[in-house]
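The values are calculated or read from the model by the stated rules, or taken from the named source; none is laboratory data. What you see is a predicted model, and the numbers here were worked out from it, not measured in a lab. As a convention, Cβ positions derive from the backbone with ideal geometry for all residues, glycine included, and neighbour counts pool all protein chains shown.
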Amino acid sequence: MNFFVERFLGGKNGAIGLAILAALILIILPLSLDLFRLNLVGKYLTYAFAAVSLVLLWGYGGILSLGQGVFFGLGGYAMAMFLKLEASDPESTAIQSTPGIPDFMDWNQLTELPWFWVPFEHFWVALLAILIVPSVFAFIIGYSMFKRRVGGVYFAIITQVIAVILTVLIVGQQGYTGGINGITDLKTLNGWDIRLDSSKYILYFINAFLLLAVICISRFILTSKFGRLLLAMKDKEDRVRFSGYDVSNFKIFIFCVSAVIAAIGGAMFTLQVGFMSPSFVGIVPSIEMVIFAAVGGRMSLIGVVYGTLLVNVGKTTFSETFPELWLFLMGGLFIAVVMFFPNGLAGIYEKYASKIGFLKRLQSNGDKAAGKDALEQKAELEGAK
């Protein structure tokens, strides 16, 4: 039991923080929000997967990726391809020139399903693709970069360029990807209608439980020997290398892990929202994911979830209340956090929690001193008698 608490939950404090987060997203929010707002929160929680992946990659590994939207999108498109094929059965597409293929392919005069779409007729293929495709893509990028000791700002720029290239590729190949509109009109998952209100509730809870599981697995990675080496690499990479460790392999591994976590979030986004488009793949969503991690605290697995929720709730609220000014308000929020709270929400919590703990210790020491004085006074009175 102690092993589980220490390695998967991060000790007593980590378990308490995870329990509070679980109570919030599993009990408080579902009971206090209507379905529309709860579905919005579910969408925000899918972004939290990418923010958690950045804690591993950026917070502990010191590797800033400005292309996490790429892996988020790969996971989302893998799920969307299966859902679209299920929604494109010959009966539902009988009015098309070529029944049995997605509508956007028919619009672009394709007469048969492309070869790389065919395996996605099976759900298990889509699940494997969500895990394997992003990890293989991340391995290729990581191996090419880290083996040549490319890092820092250069790696960040390269990942940003990759996000641009993939976005252009998706938009340009409209007949195969749906183009700028993406893959839409997704209806069922193995015959289960994901558009029903009851389905949206179920998907929300699946999404929340998956997020909590990913946090626990990430905590296990960070509390292992690998996690300690990862943190050491961030601070003193050359010292770790001179100690006989292959730093590049560690970087490749954590980059692949972060890619898979972001891809799971993308797949859940597709199920939660009902579509996937290139607007969630490019530079803007990738930078927003970095902002989520920065606001929540890039060293805190739980803090980034709160950061994701705060930023997206602010984005929604500002855009609804001040449609002409909300971008300036969001920019002001980001600047204020970076300037006054560089460690994010987690840093604020640690700061005030440490103060409260210090005050409690002072009070405890004062009580002990007062008790000691009372005993000494009592002994003096008894001696006088």
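For the range 12-29, filtered to residues that are surrounded by 17 or more Cβ atoms within 10 Å (Cβ to Cβ) and not hydrophobic (A, V, I, L, M, F, W, C), the residue that is nearest to G296 (Cα to Cα) is G17. Beta carbons closer than 8 Å, at least 6 apart along the sequence or on distinct chains, never pair a first residue in the range 6-27 that is in the same structural domain as Y306 (by TED's automatic domain parsing) with a second that is outside any helix (DSSP H, G or I) and crowded, with 18+ Cβ neighbours inside 10 Å.
Within the range 110-126, if we keep just the residues that are farther than 19 Å from T184 by Cα and surrounded by 13 or more Cβ atoms within 10 Å (Cβ to Cβ), the residue that is nearest to the chain's Cα centre (by Cα) turns out to be V125. Can you find a residue in the range 151-168 that is in contact (Cβ under 8 Å) with a residue 40 or more places away in the chain and not in a helix (DSSP H, G or I)? So far as the range 151-168 goes, yes, one or more of its residues are in contact (Cβ under 8 Å) with a residue 40 or more places away in the chain and not in a helix (DSSP H, G or I). Restricting L66, L35 to residues that are touching a helix residue (DSSP H, G or I) at 6+ places or on another chain (Cβ under 6 Å), more than 19 Å from L301 (Cβ to Cβ) and in the same structural domain as F250 (by TED's automatic domain parsing) narrows the list to L66. Pairs linking a residue in the range 181-199 that is small (G, A, S) to a residue that is surrounded by 14 or more Cβ atoms within 10 Å (Cβ to Cβ), with Cβ atoms under 6 Å and 6 or more positions apart or on different chains, are G182/F275; G182/M276; G182/S277.
Go through the residues of the range 98-109 one by one and say whether even a single one is in contact with a Lys or Arg (Cβ under 7 Å, 6 or more places away or on another chain) and either surrounded by fewer than 16 Cβ atoms within 10 Å (Cβ to Cβ) or aromatic (F, W, Y) (or both).
Within the range 98-109 (the criterion being in contact with a Lys or Arg (Cβ under 7 Å, 6 or more places away or on another chain) and either surrounded by fewer than 16 Cβ atoms within 10 Å (Cβ to Cβ) or aromatic (F, W, Y) (or both)), the answer is no, since none of the residues qualifies.
Given the criteria in a helix (DSSP H, G or I) and within 16 Å of the chain's Cα centre (by Cα), does F253 qualify? When the stated conditions are applied, F253 does not pass them. Determine if the range 189-208 includes at least one residue that is touching a Lys or Arg at 6+ places or on another chain (Cβ under 8 Å) and not in a strand (DSSP E or B). Yes, that holds for at least one residue. Considering the conditions (1) buried (at least 17 other Cβ atoms within 10 Å of the Cβ); (2) polar (S, T, N, Q); (3) without any contact (Cβ under 8 Å) to a residue 40 or more places away in the chain, N207 is excluded by exactly one of them, (3). Filtered by the rule that a residue be within 30 Å of K187 (Cβ to Cβ) and either without any contact (Cβ under 8 Å) to a residue 60 or more places away in the chain or in a loop (DSSP other than H, G, I, E, B) (or both), the range 285-315 gives a lone residue, K315. Of all the listed residues (S97, S88, S53), the sole one being in contact with a Ser or Thr (Cβ under 9 Å, 6 or more places away or on another chain) and farther than 22 Å from I158 by Cα is S97. Residues in the range 212-241 that are of a type in the set (K, R) and assigned to a helix (DSSP H, G or I): R219, K225, R228, K234, R239, R241. Note on the range 220-257: residues that are more than 23 Å from V52 (Cα to Cα) and crowded, with 17+ Cβ neighbours inside 10 Å amount to 1. Looking at (1) among the aromatic types (F, W, Y); (2) under 30 Å from E121 (Cβ atoms); (3) touching a Leu at 6+ places or on another chain (Cβ under 9 Å), which is the one condition that is false for Y60? Here Y60 meets the rest and fails (2). A15 satisfies every condition listed in (1) farther than 28 Å from M79 by Cα; (2) under 18 Å from the mean Cα position of the chain (by Cα) except (2).
Counting only helices (runs of 4 or more DSSP H) wholly contained in the range 1-86, the ones carrying 3 or more residues that are of a type in the set (A, V, I, L, M, F, W, C) occupy 2-8, 11-23, 35-54.
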